[in-house]
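The structure under discussion appears below in the form of structure tokens.
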Amino acid sequence: MKSNLLNNFFATIGRKTLKGLWEIDQYTRLVGQTLYWMAAAPLKGHKIRFRSTIIQMVRFGVDSIPIVATIAFFIGIILGMQAAYQLKPFGASIYMADLVGVSVTRELGPMLTAIVLAGRSGSAIAAELGTMKVSEEIDALRTMGLNPIPYLAVPRVLSMMIMLPSLTLIADFVGILGGLFVGIFSEHIDFWLYFNETTRALVLKDFLTGLIKSGVFALLVATIGCYQGFSVSGGAEGVGKRTTTSVVTSIFMIIAANVLFTGLFYSTL
Amino acid sequence: MDKKPIIEIKELHTYYGRAHVLKGINLTIYENETIAILGRSGCGKSTLLRHMIGLNQPGSGEILIKGKNIPKLNEDKKTEVLKRIGMLFQNGALFNSMSIADNVALPLREHTDLEESTISIMTRMKLDLVGLGGFEGFNPAQLSGGMRKRAGLARAIAMDPEILFCDEPSAGLDPIVAAGIDQLLLKLKQAFKMTMVVVTHEMASVFLIADRIAMMNEGQILAVGTRAEIENNPHSFIQQFLHREPDKDKVDRETFLQNLTSEISG
Ligand SMILES: Nc1ncnc2c1ncn2[C@@H]1O[C@H](COP(=O)(O)OP(=O)(O)OP(=O)(O)O)[C@@H](O)[C@H]1O
Ligand SMILES: [Mg+2]
């Protein structure tokens with residue numbers, strides 16, 4: 001009896017591990033194929049679907065501007081207040097401009113924008129492709145001799161990789177505005193003083209590291225959405241499950257990748 | 001008669017997980033013939049079709065279309081074969097994000113260099129054929145189930161395929177429209193010399209359009225032959241199927257009602 005339970009216990013762990021490894025293997029394959037169709041295949045004369053890419057860019061990017069901007073503004077305010085609170089006793093309130101500027105451009109701008117898009121667009125990708133899978137639309141594509149990777153995945157990944165960094169720039173700017181807002185109205189710092197302090201503190205590298213990160217986050221969010229969508233089985237319930245998984249996995253991967261990046265940039269740059 | 005094989009299936013086995021779904025299918029389909037695949041719900045008809053169009057990888061066995069082993073072909077070669085094939089899915093499988101016209105036009109846009117104006121004329125022609133003229137701008141969600149199926153058929157024949165696969169083309173259609181679909185399939189066969197593989201439960205349409213019938217049961221092909229050959233086949237399942245008899249162990253309607261009344265009164 002006891003050994004039976006133990007057996008079941010280890011069997012379950014084993015099965016889950018194998019399933020997990022299998023999923024990672026499948027996911028890596030999808031990423032590999034997507035990158036191939038995005039970067040290598042165009043050199044061989046396969047065209048990229050720009051029309052469809054632009055449609056997705058509007059869906060992922062333009063439509064997300066209000067929510068991303070609002071959140072970035074709030075984050076700027078929160079960071080500003082936190083910084084001011086800690087710097088004021090030293091009479092160094094003005095340095096809040098440095099703190100807000102650097103944290104927003106290097107860390108919070110890219111990460112929060114990516115998380116918003118994981119919830120808003122990554123999930124939409126998973127749900128849309130999952131529904132197509134369930135209603136045999138993807139099978140229909142394949143029987144027409146159309147490969148779903150260049151046809152469906154590439155436009156989504158490409159548009160995400162263009163729009164997420166662009167949105168990140170907007171978030172950076174609006175986040176800094178949020179800090180400025182606190183600086184002017186709560187700390188009574190002169191606008192030009194704050195502005196000059198910010199430009200002095202920020203270097204191009206801060207934006208660049210942020211943008212590199214957001215490019216990688218974009219690849220993660222879009223490919224995880226595609227993978228979960230293509231993996232749906234078992235009707236509408238399966239679509240729901242995979243959509244949730246896509247959001248949770250994306251957010252986890254964004255944060256994990258960010259740790260890796262920050263470690264890397266911190267030690268080398 | 002020198003009949004040329006166009007599809008050859010050899011010792012095809014398939015598993016879904018542990019379930020052994022296709023158990024050694026052998027079937028040869030000849031050029032320009034219409035073959036009807038009959039069998040009970042769940043016996044593996046759709047699965048067999050999916051293998052023929054390369055959507056599923058078999059556990060073992062070969063599927064040759066014009067001599068090419070479909071499961072072993074690389075992406076590009078498979079695409080070349082698929083361009084000459086049309087498939088009507090059991091549920092239509094239309095692209096829900098596109099209008100009916102765009103659904104039908106998609107393969108033409110992707111695989112030909114035709115002018116947009118030519119494509120639009122061809123699209124309208126195919127939709128007229130299936131009786132959906134005037135519905136070009138509709139989305140799949142705005143159509144009835146039967147209309148979706150007909151739109152799926154229009155899309156399947158958009159490229160004038162050599163081989164047409166139909167998974168229950170007339171299921172869920174009213175008898176008049178179903179008869180229309182039968183006429184259309186007959187026309188495709190006679191005028192365009194299409195080879196057709198049709199899964200259906202409609203005996204009337206089987207007898208009308210099929211040159212040969214393949215009877216499937218539990219993942220195997222029991223018999224293949226002309227209508228007369230199948231009708232004279234002594235196999236009990238085939239006779240049961242053709243004569244619409246219920247399973248023997250199921251109580252018939254009279255006894256069921258009797259049991260019910262005696263249960264209520266007693
Ligand atoms: N994706 C799948 N995963 C697991 N089992 C499946 C899957 N698709 C089909 N099956 C099983 O395979 C068997 C054959 O299914 P199939 O759809 O080929 O039947 P069918 O003959 O087309 O039935 P119907 O006439 O109802 O359409 C069924 O028992 C079904 O439960
Ligand atoms: Mg079926």
Q.
Show the residue pairs meeting these rules: Cβ distance below 6 Å; 6+ apart or different chains; first residue within region B:33-61 and within 17 Å of B:K78 (Cβ to Cβ); second residue within 11 Å of ligand 2 (Cβ to nearest atom).
A. B:L49/B:D167; B:N56/B:R50
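Could you list, in sequence order, all residues of region B:181-199 that are outside any loop (DSSP other than H, G, I, E, B) and open to solvent by 40 Å² or more (accessible area, probe 1.4 Å)?
Within region B:181-199, the first condition is being outside any loop (DSSP other than H, G, I, E, B), and the residues that meet it are B:181-192, B:195-199.
Passing the criteria: B:Q183, B:K187, B:Q190, B:A191, B:F192.
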Q: Looking only at region A:6-18, decide whether some residue is open to solvent by 50 Å² or more (accessible area, probe 1.4 Å) and under 30 Å from A:T199 (Cβ atoms).
A: no
Q) Can you name every residue in region A:225-237 that is closer than 21 Å to A:I149 by Cα and either of a type outside the set (A, V, I, L, M, F, W, C) or open to solvent by 50 Å² or more (accessible area, probe 1.4 Å) (or both)? A) A:G225, A:Y227, A:Q228, A:G229, A:S231, A:S233
Q | Residues of region A:88-115 that turn out to be over 14 Å from A:G175 (Cα atoms) and open to solvent by 30 Å² or more (accessible area, probe 1.4 Å), as a count | A | 7
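Just to verify a result, which residue in region A:145-155, among those that are within 13 Å of chain B (Cβ to nearest Cβ) and under 12 Å from A:A222 (Cβ atoms), is surrounded by the fewest Cβ atoms within 10 Å (Cβ to Cβ)? Full working, then the answer.
Going through region A:145-155, the residues within 13 Å of chain B (Cβ to nearest Cβ) turn out to be A:145-152, A:155.
Within this subset, residues satisfying the condition of being under 12 Å from A:A222 (Cβ atoms) are A:152, A:155.
Numbers: A:L152: 24, A:P155: 22.
Only one residue tops the list, namely A:P155.
The values are calculated or read from the model by the stated rules, or taken from the named source; none is laboratory data. Bear in mind the structure is a predicted one, so any value in this text is a computation, not a measurement. No Cβ is skipped: glycine too gets one built from the backbone with ideal geometry, and neighbour counts run over all protein chains shown. With ligands, DNA and RNA removed, areas are computed over all heavy atoms of the protein, side chains included. Shrake-Rupley method; radii C 1.70, N 1.55, O 1.52, S 1.80 Å.
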